[in-house]
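Worksheet for the structure shown next.
The values are calculated or read from the model by the stated rules, or taken from the named source; none is laboratory data. A quick note: this is a predicted structure, and the numbers were derived from the prediction, not measured. FYI the Cβ positions are ideal-geometry reconstructions off the backbone, even for glycines, and counts take in every protein chain you see. Surface accessibility is based on the protein's heavy atoms, side chains included, excluding ligands, DNA and RNA. Shrake-Rupley method; radii C 1.70, N 1.55, O 1.52, S 1.80 Å.
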Amino acid sequence: MKRKKIIFFSILGILCVVYVILGIYISKAIKNPQKKRVDFDLSDAKTLKKIPFELTFKRNKAKQWYDKGNPLLGAQYDGVLKNKSQEVLFDWNVVITVPEGSYVDSSWNGKFRIDKDKLIISYNPSLKVRSVPINESITFGCIMYADKNFVPNECRLVYSTKVELMKYPLFWILLFSVFATIIILLTSAVFYIRIKRLKDREELILHLVEQSLKTFANTIEAKDKYTKGHSQRVSYYSKKIAEKIGLPDYKVQNIYYAAILHDVGKILIPDEILNKKGKLNKEEMAVMKNHAQIGADIFRDFNTIPNLSSIIKHHHEKYDGSGYPDGLNGKKIPLESRIICIADSFDAMTTTRCYRESIPLPEVVKEIKRCSGTHFDPELAAAIISLINSGEIQGQS
């Protein structure tokens, strides 16, 4: 689960980085328009057909004159710039070669100035003609005094273009991806919060269940001063063995709970038998053995922990079939019961009982090896020996 979460958030992180880089690139493309320049001759029809613009700048012959004392011909010049390209023109400038000595008297729809032999016509921001949209035109003009033989020919158009993102499919794909990622992140955040709340609630419930079971087990153990803490130790050993053999978490948890309750049947065993000093006689042992069946009967209708009744009933069965109450053998004994059996025996050997002192760990290991295949499942015997050797469980020796 953790690995999947790491992979998921890593992919989202990479996507976010890609989006940021693309966003910076697009932002730069928008903020820094690309400068372009086109040189052409207004009298060359072939060249004019090839360029994606239509530019005219002509003298209006109906509006021309000579002023007294001025050798230059005054006239109205009208210009049209039509954008036939697939890009919007920004910050445009038209540069036309004129005879030296020419000058502009007045103008409209643009800024006009002459620099030596160049008439420079540029957009006028105050008139909102900075751009020329696709397939649209702007007009401009001026009153200029120039040589009577002047005909506008040499021309240059300088302009900037901006990216029109909405025309590119990649932009919409990117936009959709960003939107989808945001939705995924928001959904994941909501899902994570809900899952966390559920987990917190589940942990609280499990804690309450565990405390309840331990309290129940402590009530039973209060009858037997020699087995105080026995159920909690057996549950711990059982959990470690279950983890060692690779059982899933939910099974490990169920074995832990079952082990807490494995001796619940002792609640109906007489105190004089539970606390007897020395070994039990045959009749007393028969009564003591009943605790497995009694515990199974108590939890017969308890379904919260799967097969709890059967697990408790068979935790004294032996691998060779010599155990009780049903004499089951091998794999016929529930795995949970086999685990609790060896954990129970380990705790019995490593704690002081009313009839003997605790056994040192090296001797316990020898006994487990001796009983492997007879009393204990060989796989589980190997697992608990490995745990003892690694120091993960120490017992009470």
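Each row is one residue, and each column tells you yes or no for (1) at pLDDT 85 or above; (2) closer than 30 Å to residue 97 by Cα; (3) in a helix (DSSP H, G or I); (4) open to solvent by less than 60 Å² (accessible area, probe 1.4 Å).
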| residue | (1), (2), (3), (4) |
| --- | --- |
| 139 | yes, yes, no, no |
| 143 | yes, yes, no, yes |
| 151 | yes, yes, no, no |
| 184 | no, no, yes, no |
| 189 | no, no, yes, yes |
| 197 | yes, no, yes, no |
| 204 | no, no, yes, no |
| 208 | no, no, yes, no |
*asked:* Can you confirm whether residue 64 is over 22 Å from residue 133 (Cβ atoms) and either of a type outside the set (A, V, I, L, M, F, W, C) or open to solvent by less than 80 Å² (accessible area, probe 1.4 Å) (or both)?
replied: yes
*Among the residues of region 372-381, is any assigned to a loop (DSSP other than H, G, I, E, B) and small (Gly, Ala, Ser)?*
yes
_helices (runs of 4 or more DSSP H) wholly inside region 243-311 containing at least 1 residues that are in contact with a Pro (Cβ under 9 Å, 6 or more places away or on another chain) and within 21 Å of residue 213 (Cβ to Cβ)_ = 249-260, 282-298
*The lone exception for residue 326 - which of (1) open to solvent by 60 Å² or more (accessible area, probe 1.4 Å); (2) without any contact (Cβ under 8 Å) to a residue 24 or more places away in the chain; (3) part of a helix (DSSP H, G or I) it fails*: (3)
*Which members of region 217-249 meet the condition of being at pLDDT 90 or above and of a type in the set (Phe, Trp, Tyr)?*
236, 237
*Specify the residue that is least open to solvent (accessible area, probe 1.4 Å); the eligible residues are those in region 337-363 that are within 23 Å of residue 275 (Cα to Cα) and assigned to a loop (DSSP other than H, G, I, E, B).*
351
*Failed item in (1) under 21 Å from residue 357 (Cα atoms); (2) outside any helix (DSSP H, G or I); (3) open to solvent by 70 Å² or more (accessible area, probe 1.4 Å), with residue 232 passing the rest*: (2)
*Given the conditions (1) on the phi > 0 side of the Ramachandran plot; (2) open to solvent by 30 Å² or more (accessible area, probe 1.4 Å), report the number of the one that residue 332 does not fulfil.*
(1)
*asked:* I want to confirm something. Restricting to region 110-137 and keeping residues that are among the β-branched types (Val, Ile, Thr) and more than 26 Å from residue 73 (Cα to Cα), which single residue is modelled with the lowest pLDDT?
replied: 129
_Scan of region 312-323 for residues that are part of a loop (DSSP other than H, G, I, E, B) and touching a helix residue (DSSP H, G or I) at 6+ places or on another chain (Cβ under 7 Å), ordered by number_ = 314, 315, 316, 317, 319
*asked:* Based on this model, can you work out whether residue 167 counts as open to solvent by 100 Å² or more (accessible area, probe 1.4 Å) and modelled with pLDDT under 75?
replied: yes
*Within the bounds of region 100-120, is there any residue that is in contact with a strand residue (DSSP E or B) (Cβ under 6 Å, 6 or more places away or on another chain), surrounded by 17 or more Cβ atoms within 10 Å (Cβ to Cβ), β-branched (Val, Ile, Thr) and in a loop (DSSP other than H, G, I, E, B)?*
no
*From 318, 313, 366, which residue is open to solvent by 30 Å² or more (accessible area, probe 1.4 Å) and under 48 Å from the mean Cα position of the chain (by Cα)?*
313
_Candidate set: region 244-267, residues that are of a type in the set (A, V, I, L, M) and either farther than 17 Å from residue 302 by Cβ or under 31 Å from the mean Cα position of the chain (by Cα) (or both); chosen: the one surrounded by the fewest Cβ atoms within 10 Å (Cβ to Cβ)_ = 245
*Within region 37-62, considering residues that are touching a residue at least 12 places away in the same chain (Cβ under 8 Å) and among the hydrophobic types (A, V, I, L, M, F, W, C), the one farthest from residue 92 (Cα to Cα)*: 42
_Only one of 56, 47 that is part of a helix (DSSP H, G or I), of a type in the set (Val, Ile, Thr), modelled with pLDDT of 70 or more and open to solvent by less than 70 Å² (accessible area, probe 1.4 Å)_ = 47
